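Inspection log for the structure reproduced underneath, given as structure tokens.
The values are calculated or read from the model by the stated rules, or taken from the named source; none is laboratory data. A quick note: this is a predicted structure, and the numbers were derived from the prediction, not measured. Here the Cβ is made from the backbone with ideal geometry for all residues, glycine too, and neighbour counts use every protein chain on show. Side chains included, ligands, DNA and RNA excluded: accessible areas come from the protein's heavy atoms. Shrake-Rupley method; radii C 1.70, N 1.55, O 1.52, S 1.80 Å.
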Amino acid sequence: MEQKNQNVFGMIGLGTMGSNLLQNIADKGYHCAGYDNSVDKVNSLNALHNENIQGFSQLKDFTDSLKSPKVVMMLVPAGEIVDNVINELLGVLDKGDIIIDGGNSHYTDTERRYKELEDKGLHFVGMGVSGGEEGARRGPSMMPGGDQEAYEVLKPVLEKIAAQVNGEPTVAFMGKGSAGHFVKMVHNGIEYAIMQLISESYEIMKKGLKMDNDKIHEVYKKWNEGKLKSYLLEITTDIFAYKNEGEENLLLDSIRDEAKAKGTGKWTSQAAMDLHLPTPVIDIAVSMRDLSSLKDLRVQASRVYPDSTEKQYNTNEAEYCDQLEEAFYFAMVSAYAQGMHMLYQANKEFKYELNLDLIAKIWRGGCIIRSEFLEDIYAAFNKNPELQHILLDKNVAESFSKSIPSIRKIVSDAVLHGISTPAFSAALTYFDDFRSENMPTNLIQAQRDYFGSHTYELKAKEGVFHTKWVMENIKN
């Protein structure tokens, strides 16, 4: 039986994420409501027979069941659908009510919606949610931003349903406007980078070291028991053990090598370029997914350019895997460092008031990029909130430096043997220029001034200069 003003939380979108998150909320003792325009999804929710959950197929009945201020969270695909749902909600919500967008919306859309709804007297929270369907059910990491007054209303519920690390919830208010979705976007960019690095390590072990799946499984298992411990390595270990019932081979070996993407990695790269900030490990991870989708073209190219290199490494397998582990650590740290540097720069540009230590803290549990190394990131920013770049932290630099010989060995061997390691290579070249006091870009400035009169600055003299670069004045 429908109960008026009984439910403290409403969910629009009863797909896997929405349904699981709603069940998580109900498990914590809260009465909640779910709405979807799919009658089947509503029926599936009601079939759970959870006394704390009500499913609705009529929007007005759904919102009428909510206590004031009414809290409505959307978990629907990003883009036009979000705007359409908001427009429908405007007809059934009152001033002071709260709308949460828990999808992967682009931060510029979130900024626009925040301002539009503020003008209409409604509170808007753009909240990144990480952890996948299991995280939604058992405890995600959540990154809410926008209206802090609204967050204070949501805080008791969100802290209860979040993952817990050392007794602390993996949720916190990120900052103003679109801060929550910007942080989630960068999270996803780092996720792209780490996944690409894992796939490249797989390539080295499979093609270079000629290791079978069982041995590769053992390597990932060992890595995940040490300083590389992370959710992504944990699931990779499971993937290298999974076989469909009755089959001899791993399911992995039957999966096509065409990686899909929903766009959040691309958004990270685009935003980084808008901020004039380098994120090459993330950028190349996005590009490699795009290249993987060009399967037919790659097949044609493989016939035009048959492999003439010897891929078999002549080396001690166990020792080499130890070096690969160190190289992976180097590249992984670089990926996190580039993402955190992007957040630092966005904070200055957009005045979000982000706390980088808090972001690292809530990423330690529940989310896809949770890892042992996030403890080091948290410690670095907790010690120095003004730290620009984690590679400048003394403790991080000490462990990072020990991995330099290994990354150089892994990248150079891959090049010599014709094995593609673009993300490992990008991490190394980024580092070599990052630590370079003098880059060769003085030549680029001279060239720009030569052909376009774009001017340049001098080392020992203040001001902006232009030269008439005429060939007659250049002596042989």
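Here are some notes:
- Share of carbon and sulfur in the accessible heavy-atom surface of the stretch 1-75 [1.4 Å probe, %]: 45 percent
- Segment Leu392..Ser44, full-extension length gain: 120.1 nm, with 0.36 nm per residue of separation and the alpha-carbon distance subtracted.
- DSSP beta bridges confined to the chain are antiparallel in about 30 percent of cases.
- Close amide H contacts of Val125 (hydrogens built in the peptide plane, cut-off under 5 Å, sequence separation of 5 or more or a different chain): Ile99, Ile100, Asp101.
- Neighbours of Ile419 by Cβ distance under 9 Å: Lys/Arg scored +1, Asp/Glu scored -1, total -1.
- Taken as Cα centroids, the stretch 364-436 and the stretch 277-326 sit 19 Å apart, rounded to the nearest whole angstrom.
- Shape call, the stretch 296-415: gyration tensor on alpha carbons, a/c limit 1.5: prolate
- Each residue of the stretch 464-469 is assigned a 3J(HN,Hα), and the resulting list reads 10, 10, 9, 10, 8, 7 Hz, derived from the Karplus form 6.51 cos²θ - 1.76 cosθ + 1.60 (θ = phi - 60°), x at Gly and Pro.
- Residues whose placed amide H lies under 5 Å from that of Val165, excluding near-sequence neighbours: Thr170
- Near Ile12, the amide H atoms lying under 5 Å from its own belong to Tyr35, Met73, Met74, Leu75; only residues 5 or more places off or on other chains count, and H is placed 1.01 Å from N.
- Cleavage-rule hits (GluC sites (Glu not before Pro)) in the stretch 201-264: DSSP loop, at most 16 neighbouring Cβ within 10 angstrom: Glu225, Glu245, Glu247, Glu248, Glu258
- Remark: the stretch 116-261 carries 44 Å² of accessible area per residue (probe radius 1.4 Å; ligands, DNA and RNA excluded).
- Normalising by residue count, the stretch 123-192 has a Cα convex hull of 87 Å³ per residue.
- Cut-off 14 Å between beta-carbons: net charge of the residues surrounding Lys394, Lys and Arg +1, Asp and Glu -1: -1
- For the stretch 359-443, accessible area per residue (1.4 Å probe, heavy atoms of protein chains only), Å²: 48 Å²
- When peptides 34-46, 179-191, 10-22 are ranked by their average number of other Cβ atoms within 10 Å per residue, the highest-first order is 179-191, 10-22, 34-46.
- Under 22 Å from Lys60, Cα to Cα: lysines that are on another chain or at least 8 residues apart: Lys4, Lys41, Lys70, Lys95, Lys120
- Helix-only mean residue ellipticity at 222 nm for the chain, each DSSP H run of n ≥ 4 adding -39500 (n - 2.57), per residue, nearest 500: -16000 deg cm²/dmol
- As a calculated quantity, the FRET efficiency between Ala261 and Glu437 at R0 = 30 Å, using C-beta atoms, amounts to about 0.20.
- Selection from Leu391, Ala446, Tyr378 lying farthest towards where the dipole of the stretch 365-448 points positive, charges on Cβ: Ala446
- Restricting the stretch 92-148 to trypsin sites (Lys or Arg not before Pro) that sit in a DSSP loop and have at most 15 other Cβ atoms within 10 Å of their own Cβ leaves Lys95, Lys120.
- Taking N as its residue count, the alpha carbon Rg of the chain over 2.2 N^0.38 Å: 1.11
- Surface share of carbon and sulfur [accessible, 1.4 angstrom probe, percent] for the stretch 85-201: 44 percent
- Candidates per GluC sites (Glu not before Pro) in the stretch 1-86, loop by DSSP, up to 12 other Cβ within 10 Å: Glu2, Glu51
- Centroid-to-centroid separation of the stretch 173-243 and the stretch 70-124 [C-alpha atoms, Å]: 33 Å
- You can think of it this way: the chain between Gln300 and Asp238 has 19.0 nm of extra reach, that is 0.36 nm per residue less the Cα-Cα gap.
- Here the stretch 230-379 has 49 percent of its accessible surface on carbon and sulfur atoms, given a 1.4 Å probe and all protein chains in place.
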